[in-house]
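Taking it in order: structure first as structure tokens, then the write-up.
Bear in mind these aren't lab numbers, they're just calculated from the coordinates by the rules spelled out. On a predicted model such as this, the values are computed, not experimentally measured, just so you know. Methodologically, a virtual Cβ is constructed for each residue, glycine included, from the backbone with ideal geometry; neighbour enumeration extends over all protein chains shown.
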Amino acid sequence: MDWLVSIAIVLPAGYLYMIRSTWLIDYLVWITVLNRGIRRYVDWMAGSFNPLSPVSLTPLVISGLIFLMVFQNYNRLPGYFRKIIISFAIALSVAFAVGLIRNKLAAVYSLAEYVTPLSIMACAVLAWGKNDILDRWIKTVGWAAVFASAYGWYQYFTIPAWDAFWVRAVGFEGYLGKLKPTEMTVFSTMSERGPLASFLGFAVIPMICAKRWRNIGGWLSVLLILSVILLTFVRSTIITIGLAAVLYPLLNRGKNTFRIVILLCVIALAANVGLSLIPTSGKISERVSSIATITKDGSFQGRMEIAQYGFSSVIRNPIGTGLGSTGLAGRVNTGEIEAGAAIGDNGYFAILFTFGWIGSFFFFRAFYLIWRQIRIFERLGIRTDAVMLFKAFFVTGSIALIAGDWIAGAGSIVFFILAGFALHPRPQMDDYARRHSAHRGQKTFKPAT
């Protein structure tokens, strides 16, 4: 049954690929959000847990189709963006070669996890700055976040049988609380509470910062998403959202400052009223209030120990441990998380640990090239909504990386969509070229071939 469901999921993606439709990104978003929930339901129906269910691989298969679309249109990518892709490619090639030797099949899985967001970014570049496509993709992420949040509340109050079956099968009782209504930590349709919080956090930031990216629900959708983030008990996501909301006006000449401040006040008031109605409000309030004293928290102290271990590990392993050595990919070979996977709680050390000195240099160099290109556009007066919001995402994401490697997760979808549109605002580039061609004698930006 697993394979039949997997084929049924992939077939529509195959059709969208054949007609070269941009809706393939929308479809990927929904499958990324829903596939673990589908997988749990299928396992529950079958009466047995399959740790290597093919249903879990469907987002990677769909991502492979997006990669093929990008590969077939590689020559249409701007030259400066190809340099970024080459830098990422060198980093991934080095880490994959090491990982294939050390971690075998897990390296292939991990490679696909990293290629997915990069393919999304390249596909966004190929969208040629069309605002209708950008708006649709961001709103699709928003709708997926609303659905996951609505199901999260359903899960919180009912504990569906298929979700309870999975929690027992993977031994997460205790870690996710008790399998009783209102006493279990929400993970919705995602693989775990952390990935859910990361996805919801990155999805809600555009909705907070700009009206154009809110769906029909408006502020109610924002409040719904934020409420479920509280039910995940992931403090780093709350910090990330707050940081992005503050950085967006600071980095963009005060844009929407008043609206964002008012919104944050309304959210705080609504949260204060709403929390009193939730059975586990005491635990949630305690978790949120602990942010003020986070340096004394056991979780924070644990991350400091991981950082110390990570630093020594990076020094001892200049070539790195290769792709597949940390995170979810580490389960592929054994079905369990390796001891070294704990280093994934610090994204920077996870990257250094995985990619080694050389690979990490090219990996971080690619992000530097992205930021440099954005700054070039700014100096030329090209400031689209995607450029302005991406700046906030870039700085926020750099800080959030301390708490974990979100780059290969579902939360990165919005980041890389915005990155692609920020890196290729084609209409504005052409307009700038037309305005300056008369006295310069040539276009500043040559059309991509």
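General observations
- Distance between the 7 Å Cα→Cβ label points at residue 261 and residue 80: 3.4 nm.
- Quarter the surface of the alpha carbon convex hull of the stretch 73-139 and you get the mean projected area, 5.3 square nanometres.
- On a per residue basis, the convex hull of the C-alpha atoms belonging to the stretch 105-212 measures out at 124 Å³.
- In this simple spin-label model, placing a label point 7 Å from the Cα along the Cα-to-Cβ direction at both residue 173 and residue 1 gives a separation of 2.3 nm.
- Computed from the Cα positions only, the extents of the stretch 1-147 along the three principal axes stand at 52, 42, 27 Å, in decreasing order.
- Mean-position separation - Cα centroids, the stretch 364-420 and the stretch 29-71, in angstrom: 27
- FRET efficiency for the pair residue 402 and residue 434, taken as 1/(1 + (r/R0)^6) with r the Cβ-Cβ distance and R0 = 51 Å, rounds to 0.75.
- In angstrom, the C-alpha Rg and Dmax of the stretch 158-247 are 14.6, 42.
- Label-point separation, residue 319 to residue 365 (7 Å along Cα→Cβ), nm: 2.0
- Residues 123, 265, ranked from the fewest to the most other C-beta atoms within 10 Å, line up as 265, 123.
- Peptides 128-137, 111-120 ranked from most to least packed, by the mean per-residue count of other Cβ atoms within 10 Å: 111-120, 128-137.
- In terms of other Cβ atoms within 10 Å, 190, 45 run from fewest to most in the order 45, 190.
- Considering all C-alpha pairs of the stretch 1-60, those separated by over 20 Å amount to 26%.
- Order of 233, 311, 393 under a 10 Å beta carbon neighbour criterion, fewest first: 311, 233, 393
- In Hz, Karplus ³J(HN,Hα) per residue of the stretch 83-98 (6.51, -1.76, 1.60; θ = phi - 60°; x = Gly, Pro): 4, 5, 4, 4, 5, 4, 4, 4, 4, 5, 5, 5, 5, 5, 4, 5
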